[in-house]
1. Can you tell me how many residues within region 259-316 are closer than 18 Å to residue 16 by Cβ, assigned to a strand (DSSP E or B) and out of contact with any Leu (no Cβ under 8 Å at 6 or more places or on another chain)?
2. Can you tell which of 296, 340, 300 is in contact (Cβ under 8 Å) with a residue 12 or more places away in the chain and either touching a Phe, Trp or Tyr at 6+ places or on another chain (Cβ under 6 Å) or at positive phi (or both)?
3. Which members of region 91-133 meet the condition of being open to solvent by 20 Å² or more (accessible area, probe 1.4 Å), charged (D, E, K, R) and within 16 Å of the ligand (Cβ to nearest atom)?
4. Among residues belonging to region 244-302 that are aromatic (Phe, Trp, Tyr), within 12 Å of the ligand (Cβ to nearest atom) and open to solvent by less than 30 Å² (accessible area, probe 1.4 Å), point out the one that is nearest to residue 82 (Cα to Cα).
5. Can you spot a residue in region 19-33 that is surrounded by fewer than 24 Cβ atoms within 10 Å (Cβ to Cβ), within 10 Å of the ligand (Cβ to nearest atom), within 30 Å of residue 263 (Cβ to Cβ) and at pLDDT 95 or above?
6. I'd like to verify a number: residues in region 171-227 that are within 24 Å of residue 93 (Cβ to Cβ) and among the polar types (S, T, N, Q), how many?
7. Mind listing whichever residues of region 40-90 are in contact with a strand residue (DSSP E or B) (Cβ under 7 Å, 6 or more places away or on another chain), within 11 Å of the ligand (Cβ to nearest atom) and in a loop (DSSP other than H, G, I, E, B)?
Amino acid sequence: MTTKRDDFDVAVVGASIAGCATAIGFARAGLRVALIERRPDPAAYKTLCSHFIQSSAVPAIERLGLLGDIEAAGAVRPPVEMSTPWGWIRARYGPDAAPLALSIRRQVLDPLLRRVASDSPGVEPMLGRTAVGLLPGARGVEVEDRRRARRQVSARLVVAADGRSSPVAALAGVDKRETPIGRIAYFAYYRGVPGGDRARFWLGDPEIGYVLPTDGGLSALAVMATKDHLPRFKADLESAFGEYLAALPEAPVAANAERVTPFYGFVDRTCVARAPAARGIALVGDAALASDPLWGIGCGWAFQSAEWLVQSTAASLAAGADPRGALARYARRHRRALRGHERLNVGYTSGRRFNPVERLMFSAAARDQGMADHVEAFASRRIPVRRFLGPGALARAAAVNVRHAYGSATSTRSSAFRGSTP
Ligand SMILES: Cc1cc2nc3c(=O)[nH]c(=O)nc-3n(C[C@H](O)[C@H](O)[C@H](O)COP(=O)(O)OP(=O)(O)OC[C@H]3O[C@@H](n4cnc5c(N)ncnc54)[C@H](O)[C@@H]3O)c2cc1C
């Protein structure tokens, strides 16, 4: 009996974070990968994105063998501080405490990932080619080049790594859930921002601002204002942006800082979620779940979902088996890790105020070191929501707040940060 050999084991559509990480992972497992990207320039990068990669994703990046290259390219590893209406939340970082996040601009990260993926034995990069059709049974994709010439790329597994709008998911008929974001967002990069050694998030209930240091001595300043601010931002973006940040408690003083990029942002956007595996295809990164930018989680989840997919399916593909059972395993793993986070994100991006549980946890974290460490583990997505809101954590938060209400709370803040408020 002869077996028809497919051109590729895997066709990955999209050569951004999720697609490159997927291609590198499958290639290291000995599989043949077509990496299809509509943008022809190997140095292309996503402009509507900041650069903060949560610490939950760093082990996956390290296992891909990319951490050294990313650090050598100038990435910084800042501790995170969160301002709340009850004070600052400052977790402990270090070998026996929380791991650090990773910050590197997309204009540095994306070309680096594309180079490593393209150089990986087993990967055939197809830049400047757009996936325009799905072959019958999802056994590959039809791609079109810049001159509109078409070619069929057959593969045993098609992976949609093509971002939140995912044309491949649409071609396959995979449904999506969309929820409007009730905020507007703007950010720009600056040089000379004070306190640039720390990443700072203002969770102001409801006002939100960020300072995110990164490579090249730059920091992104960002705001996510509720929609009632829109007329002011439309009338004079630069002034409204500066005034919004200045009104945050202990705000970053950007007066002497130099803005080195245009403002990027949006006024109307949705969170998008799809099944991580459906109709015979796999979805990774934003194609499966896009709920940024409020928390800065999508880049990390792009790396992590790529790893979960490779771990769940590579052995079946290498053995020549039908990958559908393995795809179901991937989908379960994705849902177990991210569904709870998705629900909380979507709720909060609506622009609503903190709910009673968020108030309980964040107020306790501003008053108690153990709770600060716990909230950091949640915010960096290193623990699932069921652990963040476990009975022990809720009881501790309640006890901290009762002690505080009776004036007997003792400050247990890390001495490492004492006196270093912005
Ligand atoms: C304002 C803003 C700020 C953000 N800041 C952060 C942050 O600080 N930290 C963080 O973790 N996340 C952040 N995010 C989220 C982050 O940008 C995404 O989660 C991340 O880019 C997802 O990566 P991806 O590889 O899944 O998709 P994308 O980066 O969107 O890449 C999709 C790729 O697919 C290609 N493609 C699309 N269709 C086709 C086709 N038909 N054929 C071939 N190729 C195709 C595209 O050209 C693109 O290269 C932010 C988002 C926004 C909007």
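The values are calculated or read from the model by the stated rules, or taken from the named source; none is laboratory data. Predicted model, so just to flag it, every value in this text is computed and none were measured. Because the Cβ atoms are built from the backbone with ideal geometry, glycine has one as well, and the counts that use them run over all protein chains shown. In case anyone asks, the SASA skips ligands and DNA or RNA and just uses the protein heavy atoms, side chains included. Shrake-Rupley method; radii C 1.70, N 1.55, O 1.52, S 1.80 Å.
1. The total comes to 2.
2. Details: 340 fails: either touching a Phe, Trp or Tyr at 6+ places or on another chain (Cβ under 6 Å) or at positive phi (or both); 300 fails: either touching a Phe, Trp or Tyr at 6+ places or on another chain (Cβ under 6 Å) or at positive phi (or both).
Exactly one of 296, 340, 300 is in contact (Cβ under 8 Å) with a residue 12 or more places away in the chain and either touching a Phe, Trp or Tyr at 6+ places or on another chain (Cβ under 6 Å) or at positive phi (or both), namely 296.
3. 105, 115, 124, 129
4. Within region 244-302, the match that is nearest to residue 82 (Cα to Cα) is 295.
5. No, there is no match, as no residue in region 19-33 is surrounded by fewer than 24 Cβ atoms within 10 Å (Cβ to Cβ), within 10 Å of the ligand (Cβ to nearest atom), within 30 Å of residue 263 (Cβ to Cβ) and at pLDDT 95 or above.
6. Within region 171-227, residues that are within 24 Å of residue 93 (Cβ to Cβ) and among the polar types (S, T, N, Q) number 2.
7. 40, 47, 48, 50, 51 - these are the residues of region 40-90 that are in contact with a strand residue (DSSP E or B) (Cβ under 7 Å, 6 or more places away or on another chain), within 11 Å of the ligand (Cβ to nearest atom) and in a loop (DSSP other than H, G, I, E, B).
Yes or no, residue by residue, for (1) of a type in the set (D, E, K, R); (2) closer than 18 Å to residue 174 by Cα:
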{"position": "265", "(1), (2)": "no, no"}
{"position": "270", "(1), (2)": "no, yes"}
{"position": "283", "(1), (2)": "no, yes"}
{"position": "290", "(1), (2)": "no, yes"}
{"position": "299", "(1), (2)": "no, no"}
{"position": "315", "(1), (2)": "no, no"}
{"position": "322", "(1), (2)": "yes, no"}
